[in-house]
Amino acid sequence: MGCGSSCPSGRRLRPQPAPCARWPSGRSALSESVDIFTDGACRGNPGPGGWGAILRLGGREKELWGGDPATTNNRMELTAVIRALEALKRPVSARVHTDSQYVINGIRTWIHGWKRNGWRTTDKKPVKNAELWQALEGLTAGHTLEWIWVKGHAGHPENERADALANRGIDELPRKGQT
């Protein structure tokens, strides 16, 4: 996991609650809406991949990113949303913005059939990335989520930033031969 300018000396930290998940006393987490912007990237598919997320509540933001040396773009898209939801420490109302039709269709529609079919597709094949879909579904419990599709690489400022974070996740992966 990475962190933005709020980290002293740019050092990496263990996962911490996102500032937007800390609620001043007297305020309900569900009374305000968190905006979450996510993106995944892959150089080669499969290949090295990265994910990025921005969480925003009011004027406060938290940037998250990471990578995987051998993955797919769809896995990184899912991971971005999973990591963003993991950063929420209390039930919230949130708008999740993603350019991934895979994530949008999967969470809104496909997941219901997959569960009914024992995590198999209509063709009776195992669902790809089932463990990530199951993790995502578990993380949605307790939250009130609105899923919003945004067109990728179309100048949407937060989507472009999430994409940059995803690419940073790839760039920060150890290179072959490095420890």
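The values are calculated or read from the model by the stated rules, or taken from the named source; none is laboratory data. Bear in mind that the values here come from a model prediction, so they are computed numbers and not experimental data. Cβ coordinates were reconstructed from backbone atoms using ideal geometry, including for glycine residues, and neighbour counts include every protein chain displayed.
Below is a table of values for the structure above.
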{"quantity": "Yes/no for ASN105 being polar (S, T, N, Q), in contact (Cβ under 8 Å) with a residue 12 or more places away in the chain, surrounded by 13 or more Cβ atoms within 10 Å (Cβ to Cβ) and in a helix (DSSP H, G or I)", "calculated": "no"}
{"quantity": "Some residue of segment 139-158 being over 16 Å from THR79 (Cβ atoms) and assigned to a helix (DSSP H, G or I)", "calculated": "yes"}
{"quantity": "Only one of SER100, SER33, SER25, SER93 that is modelled with pLDDT under 95, of a type in the set (S, T, N, Q) and closer than 20 Å to GLU146 by Cβ", "calculated": "SER33"}
{"quantity": "Segment 40-74: number of residues that are farther than 12 Å from ASN167 by Cα, surrounded by fewer than 19 Cβ atoms within 10 Å (Cβ to Cβ) and either of a type in the set (Lys, Arg) or free of Cβ contacts under 8 Å to residues at least 24 places away in the same chain (or both)", "calculated": "3"}
{"quantity": "Among (1) at pLDDT 90 or above; (2) touching a Cys at 6+ places or on another chain (Cβ under 8 Å); (3) hydrophobic (A, V, I, L, M, F, W, C), the one test that TRP65 misses", "calculated": "(2)"}
{"quantity": "Selection status of LEU88, closer than 20 Å to LEU145 by Cα, in a strand (DSSP E or B) and more than 8 Å from the chain's Cα centre (by Cα)", "calculated": "no"}
{"quantity": "Entirely in segment 29-76, the strands (runs of 3 or more DSSP E) that have 2 or more residues that are among the hydroxyl-bearing types (Ser, Thr, Tyr)", "calculated": "33-42"}
{"quantity": "Residue match in segment 152-173 (condition: in contact (Cβ under 8 Å) with a residue 12 or more places away in the chain, closer than 22 Å to SER33 by Cα, in contact with a helix residue (DSSP H, G or I) (Cβ under 8 Å, 6 or more places away or on another chain) and among the charged types (D, E, K, R))", "calculated": "no"}
